Amino acid sequence: MDTTTPWTPVRWAGNGPVRLAYDRFTEGADGEPLLLVIGLGVSRRWWPDGLCRALAARGFAVARYDQRDAGESTHLPRESAGGPIGALLRRREQPYTAEDMTDDAVAVLDALGWGSAHLFGASLGGAVAQRTAVRHPGRVRTLTSVSAVPGDAAGLAALRYVRLRTLVRLARVKHPDTPEGDVAAGVEVARILASPGRPFDEAAARELITGLADPGVRDTTAQGGQIGARWRGPAIDTIAVPTLVLHGADDPLIKPSAGRRVAARVPGARLALLPGMGHDLPEDVWDDIAARVRHLADQRRTPA
């Protein structure tokens, strides 16, 4: 095992022809299963190790995976999807559905040997986690949805929660198709998504992103495939597991009204608007978030 990283070597789960890359945090491996579901287009390596360490310290065994069309997982044919803005505005057929993406999460649980797990999803990952709780309720112990729109909203219904000015800024991020371009794009995206109310630490962001080697921030075609995947399942009102909705009070991309709407519609859900947090997970909220997820998990203890 590579002793320079707190993560196991990459492993693979399968959902039909799609291979899904995943790994596990080595600390807290005997804890309660918790699966992280990452956001639009980027790799699992964007999850902060510090947040994972805080979750492990609260009694969770943490795993993360790359969604299809991201990271090391299978990328679908390029000609089948447009960019994210077009995918929201047009009803173009995509190479997969939102149901397929929930089945990916369950395939990872199967590969991990987890009969059920706590789900923690951020941004698009929050919507995927919500949908997984709807489609596979027996596999989900609790749900934490962070900075996400309602999982059953699509097209213009989802767009109402998005700050269009920020979406346009993200669409205009253009850098060369090189490792240096990936880093520059990542830093620019991190700056755009950070809270406007706090100084942006460019040096820290550059150091982090240099180690990611992730072109996902530039891959608008893959992003379009993910965001354009249509959900045809039941409404999120049918979610029946303990649910926590977190949202940055200063989120520059997804309006806090999205979090309020999710919490209002999921029976018994708790809402927390986190001051000073943008569309990111800054260090000063890690312990608070981990404590909230622990409290949520204590509401339901289910054998694996």
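Considering only segment 123-140, I want to know if a residue exists there that is farther than 24 Å from Asp250 by Cα and of a type in the set (Ser, Thr, Tyr).
Yes, that holds for at least one residue.
Among the residues of segment 34-46, what is the count of those that are part of a loop (DSSP other than H, G, I, E, B) and either without any contact (Cβ under 8 Å) to a residue 60 or more places away in the chain or of a type in the set (Asp, Glu) (or both)?
Going through segment 34-46 one residue at a time, the tally reaches 0.
For segment 41-60, give me each residue that is touching a Leu at 6+ places or on another chain (Cβ under 7 Å), within 16 Å of Asp284 (Cα to Cα) and of a type in the set (A, V, I, L, M, F, W, C).
Trp47, Leu51, Leu55
Let me spell it out: the conditions are (1) buried (at least 24 other Cβ atoms within 10 Å of the Cβ); (2) out of contact with any Pro (no Cβ under 6 Å at 6 or more places or on another chain); (3) modelled with pLDDT under 95; (4) not acidic (Asp, Glu), and Arg218 meets all of them except one. Which number is the exception?
Of everything listed in (1) buried (at least 24 other Cβ atoms within 10 Å of the Cβ); (2) out of contact with any Pro (no Cβ under 6 Å at 6 or more places or on another chain); (3) modelled with pLDDT under 95; (4) not acidic (Asp, Glu), Arg218 misses just condition (1).
Exactly one condition in (1) in a loop (DSSP other than H, G, I, E, B); (2) out of contact with any Leu (no Cβ under 6 Å at 6 or more places or on another chain) is false for Arg294; which is it?
(1)
Quick check on this structure: which one of Ala133, Ala111, Ala185 is at negative phi, in contact (Cβ under 8 Å) with a residue 40 or more places away in the chain and surrounded by 20 or more Cβ atoms within 10 Å (Cβ to Cβ)?
Among Ala133, Ala111, Ala185, only Ala133 is at negative phi, in contact (Cβ under 8 Å) with a residue 40 or more places away in the chain and surrounded by 20 or more Cβ atoms within 10 Å (Cβ to Cβ).
Hey, among the residues in segment 259-302 that are of a type outside the set (D, E, K, R) and free of Cβ contacts under 8 Å to residues at least 24 places away in the same chain, which one's farthest from Gly197 (Cα to Cα)?
Among those residues, the one meeting the criterion is His295.
Residue pairs, Cβ under 7 Å, 6 or more apart or interchain, first in segment 4-33 and polar (S, T, N, Q), second modelled with pLDDT under 95. List them.
Thr8/Met1
For segment 188-210, name all the residues that are touching a residue at least 40 places away in the same chain (Cβ under 8 Å) and small (Gly, Ala, Ser).
Listed by number, the residues that qualify are Ala190, Ala194, Ser195, Gly197.
Can you pull out every residue in segment 13-33 that is of a type in the set (Asp, Glu), assigned to a strand (DSSP E or B) and either more than 17 Å from Asp110 (Cβ to Cβ) or touching a His at 6+ places or on another chain (Cβ under 8 Å) (or both)?
Result: Glu32, single match.
Any chance you could count how many residues in segment 231-241 are touching a residue at least 40 places away in the same chain (Cβ under 8 Å), closer than 14 Å to Val149 by Cα and of a type outside the set (A, V, I, L, M)?
The total comes to 1.
Scan Arg301, Arg260, Arg292 and give me the residue that is basic (Lys, Arg), more than 28 Å from Asp66 (Cβ to Cβ) and at pLDDT 95 or above.
Values: Arg301 fails: at pLDDT 95 or above; Arg292 fails: more than 28 Å from Asp66 (Cβ to Cβ).
None of the others qualify; the one that does is Arg260.
Looking at Arg230, Arg165, can you tell me which residue is out of contact with any Leu (no Cβ under 7 Å at 6 or more places or on another chain) and either over 20 Å from Thr102 (Cα atoms) or surrounded by 21 or more Cβ atoms within 10 Å (Cβ to Cβ) (or both)? Before you say what the answer is, go through the steps one by one.
On the way: Arg230 fails: either over 20 Å from Thr102 (Cα atoms) or surrounded by 21 or more Cβ atoms within 10 Å (Cβ to Cβ) (or both).
Only one candidate passes the filter, namely Arg165.
Show the residue pairs meeting these rules: Cβ distance below 7 Å; 6+ apart or different chains; first residue within segment 160-172 and under 14 Å from Gly278 (Cβ atoms); second residue in a helix (DSSP H, G or I).
Within 7 Å, the pairs are Thr166/Ile192; Arg169/Ile192; Leu170/Val189; Leu170/Ile192.
Hey, which of the helices (runs of 4 or more DSSP H) in segment 99-197, taking only ones fully inside, have at least 1 residues that are modelled with pLDDT of 95 or more and under 16 Å from the mean Cα position of the chain (by Cα)?
The qualifying helices (runs of 4 or more DSSP H) are 124-135, 179-193.
How many residues are in a loop (DSSP other than H, G, I, E, B) and surrounded by 24 or more Cβ atoms within 10 Å (Cβ to Cβ) when one looks only at segment 254-277?
Going through segment 254-277 one residue at a time, the tally reaches 2.
The values are calculated or read from the model by the stated rules, or taken from the named source; none is laboratory data. Since the model is a prediction, treat every value here as computed from it, not as a measurement. All Cβ positions, even for glycine, are placed from backbone atoms using ideal geometry, and neighbour counts span all protein chains on display.
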